1. Identify, from the list A:A336, A:A379, A:A327, the residue that is assigned to a helix (DSSP H, G or I), closer than 16 Å to A:V425 by Cα and not aromatic (F, W, Y).
2. Any chance region B:288-298 includes a residue that's under 20 Å from A:L282 (Cα atoms), at pLDDT below 90 and at the interface with another protein chain (Cβ under 7 Å from one of its Cβ atoms)?
3. Scanning region A:106-145 for residues that are closer than 29 Å to A:L77 by Cβ and among the basic types (K, R), which turns out surrounded by the most Cβ atoms within 10 Å (Cβ to Cβ)?
4. Only residues that are buried (at least 23 other Cβ atoms within 10 Å of the Cβ) and polar (S, T, N, Q): list them for region B:344-385, please.
5. Looking at (1) surrounded by fewer than 18 Cβ atoms within 10 Å (Cβ to Cβ); (2) facing chain B (nearest Cβ under 10 Å); (3) modelled with pLDDT of 90 or more; (4) closer than 19 Å to B:I161 by Cβ, find the lone condition where A:I200 falls short.
6. What are the residues in region B:333-343 that are facing chain A (nearest Cβ under 8 Å) and either without any contact (Cβ under 8 Å) to a residue 60 or more places away in the chain or surrounded by 23 or more Cβ atoms within 10 Å (Cβ to Cβ) (or both), if any?
7. Going by the conditions given, is A:L428 at pLDDT 95 or above, among the aliphatic types (A, V, I, L, M), surrounded by fewer than 24 Cβ atoms within 10 Å (Cβ to Cβ) and assigned by TED's automatic domain parsing to the domain that holds A:L309?
8. If you check every pair at least six apart or on different chains, which have Cβ atoms under 7 Å apart with a residue in region A:142-168 that is at the interface with another protein chain (Cβ under 10 Å from one of its Cβ atoms) first and a residue that is buried (at least 21 other Cβ atoms within 10 Å of the Cβ) and hydroxyl-bearing (S, T, Y) second?
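The values are calculated or read from the model by the stated rules, or taken from the named source; none is laboratory data. Just so it is clear, the structure is predicted and the values come from calculations on it, not from any experiment. Please note: Cβ atoms are built from the backbone with ideal geometry, for glycine as well, and neighbour counts cover all protein chains shown.
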2 protein chains.
Amino acid sequence: MKEKIIAFIANKQFAQLKGYLQALNQADLSEIIDELPPEDGALVFRLLDKDEAADVFSRMESETQEKLINILKDNELKDIINNLYADDAADLISEMPAIMVKKILANIDPQQRKDINELLKYPEDSAGSIMTTEFVDLKMDMTVKESFERIRKVGRDTETIYTCYVIDNARHLMGVVTVKDLLLSQYEDKIADIMETTVIKLHTLDDQEDVAKTFDKYDFLAMPVVDQEERLVGIITIDDVIDVMHEETAEDFELMGGLQPNEDSYLKSSVWDLAKHRILWLLFLMLSATFTGAILTHYEEAFSAIPLLVSFIPMLMDTGGNSGSQASTLIIRGLATGEIETRDVLKCWWKEIRVALICGVILGVVNGIRIAIQYQNIAVAVVIGLTILLVVLIAKSLGCLLPMAAKKLGLDPALMASPLITTIVDALSLLIYFNIAVFIMHI
Amino acid sequence: MKEKIIAFIANKQFAQLKGYLQALNQADLSEIIDELPPEDGALVFRLLDKDEAADVFSRMESETQEKLINILKDNELKDIINNLYADDAADLISEMPAIMVKKILANIDPQQRKDINELLKYPEDSAGSIMTTEFVDLKMDMTVKESFERIRKVGRDTETIYTCYVIDNARHLMGVVTVKDLLLSQYEDKIADIMETTVIKLHTLDDQEDVAKTFDKYDFLAMPVVDQEERLVGIITIDDVIDVMHEETAEDFELMGGLQPNEDSYLKSSVWDLAKHRILWLLFLMLSATFTGAILTHYEEAFSAIPLLVSFIPMLMDTGGNSGSQASTLIIRGLATGEIETRDVLKCWWKEIRVALICGVILGVVNGIRIAIQYQNIAVAVVIGLTILLVVLIAKSLGCLLPMAAKKLGLDPALMASPLITTIVDALSLLIYFNIAVFIMHI
């Protein structure tokens, strides 16, 4: 697609280009404009139909948006900005540098400006910040026929028309009715009779993670958002919720990989930026690991007497780390999806203890036998076997308990993922190891 | 809600219970029935309206479904099964034990049976296996008015009515039209004139992960699925795609945490099952780590001469592991979301090398200074500083290259996550460490 467009531009076949663009989907168009040089991108963008242009614009990367705003004339910009859905316009404004915001605000309609200001006042990551203020509202005494008329009137500018919200004169949410309900009813039916009165709703200050969980549970395409006085102020649509799900998942992956969360994409992030999001964790974990090293200096006598003991250190550390991260991964995921609650802590711990016993015994026996055969040294085999069992027990317990404790303390459980747990388990493993060795082998 | 229902049952207030149930949402109802004792659950279930019952049933956990099928009479079961959407019915059949499947199939309508068989023939995780065969199809020569009539006729039994698909007589997909388009058009307009002819479609054998990516890109609520002859055979709706997204994310988390993927939830999984999904990785990684240990035995002389060297082993291993998993987490995520392609390998590697240089120099210098001050030993400080720099370089390179190589070989990149990379980096770290030590300190 991109190649064809470049060819049209090179040959100055703008009429053909315009025809070709009309057949493309908005998502593809925005991707192509993202990849073209700014001037060519602006050229393509100007050939789009007005109502399509705003949709394509809202899907572009913010860098491309910034370049386009610089290139476009005021009246062109005006058309775009005022055709954006209010939530997309608010996102745009919160992402642009101050000078761009000034240019945008100068070209905005009073109504759109009011809507945007409304959205910008909600805290980041709240339901209010991801909702849109444009939706179809109906009254209880309307008929199905009148409702369709209202949908035709306001529907062109709203993000979804398929779920309509029924409000009273004080804008309190009274019920919800879908276009499916409307289509399957008679024209003269009253909204009051066909609307669903059990409305699952969100509040403006709900956390976006909870919003995503609610959508997940109920499979809605859109949900209403009410303020503290229970008045309908906006709706959230499924496409924005999917973005939230991706954001939250990415954040968990990053925390669990020992990174500070970074909203920019990998390829777009600068080397300095990537380093900045890694170095603090690395420094912190490195300095923590020196404590583990300090433990070793206490047992110099032991490994000077039996140097073989040193060679098991990596295996014990890795096995402990891996056992711990297995448990923490499942617990962190369970807490994130809502399947596990902090009140399940004892149930989970007891589960991990039993799993640890099974895994620990198998690993301990396998390794014990290997060592007994390879080194013909039963004492070392027993020391290693016992150590592994205890290390797995402690690692799985910590992998279960630390994320739960974090959640209880209001921290993100993903902080307690493998990097941190590995460091803690390492220190404990070595303590256990040398104490058992000293005890059994009378070093 | 659950408490109220239990109270109604205890007091045998079934009329009130029925009224109360009508006000509840299906997702809540299925959750409550999941938690009630089977007999009470069946009692509640029988009080539901017929058209609601199938929806509630499809949302229950499969254990509850199994118990209910056992309790329900044949004619009751018949109503449920035939009111399920075909894709939910197919899921049910593929999850139930053979004896239940027999009971289900005995109570199924011929049309529903045909639909289910159609769906069951597609490979697991393909677009065909998650699509549904029930949708609204229109013809090009229909008017908007006729289309609404068709929607009213077939709409009650289809999962979504909001996207309608236009087909010719051979069932080839000719276009797509949304209810929004229909509502904003005149009654006498022809479908051929208002339909969108650029249809983004899926093929029955597309991988479900690619399906999810396509939905993500285009923000559709439903997409058409065509067979190899480009005939429309089904549609996929956004709610099923969200389930796929969760499944794929869960799988990545599990692989990256060193677990074999397990579709059951944590709390529902037995201890044996949990242990089974962990032990293979643990065993494999433990035995791999013994190679690292074997490396250490080669350098007994070195650490017998300078026992202090042993105390830095944990810190070097952890720093290497963490550096590697930072890189692999970002690369694996990028590959999963489609942001990074295997052809970006050199670009990514060069990025990681520069990030590694920044992080490695900072970590090496900080640690070198600490050691120089703490132990008054410049030689050791230099050895550790240099080792850290090299270890971080190698760890980040492997963290970048291994997932990409896995992808290129058709393996899941998430296999190359921290557990495996840590093990490999550990062995390399110690080799580097002792070689540098021997060289600089002339041991």
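1. When all the criteria are applied, what remains is A:A327.
2. Scanning region B:288-298 turns up no residue that is under 20 Å from A:L282 (Cα atoms), at pLDDT below 90 and at the interface with another protein chain (Cβ under 7 Å from one of its Cβ atoms).
3. Checking each candidate, the answer is A:R113.
4. B:N367
5. Answer for A:I200: the failing condition is (4).
6. Answer for region B:333-343, where residues must be facing chain A (nearest Cβ under 8 Å) and either without any contact (Cβ under 8 Å) to a residue 60 or more places away in the chain or surrounded by 23 or more Cβ atoms within 10 Å (Cβ to Cβ) (or both): B:R333, B:G334, B:E339, B:I340.
7. no
8. Between residues of region A:142-168 that are at the interface with another protein chain (Cβ under 10 Å from one of its Cβ atoms) and residues that are buried (at least 21 other Cβ atoms within 10 Å of the Cβ) and hydroxyl-bearing (S, T, Y), the close pairs are A:T160/A:T237; A:Y162/B:Y162.
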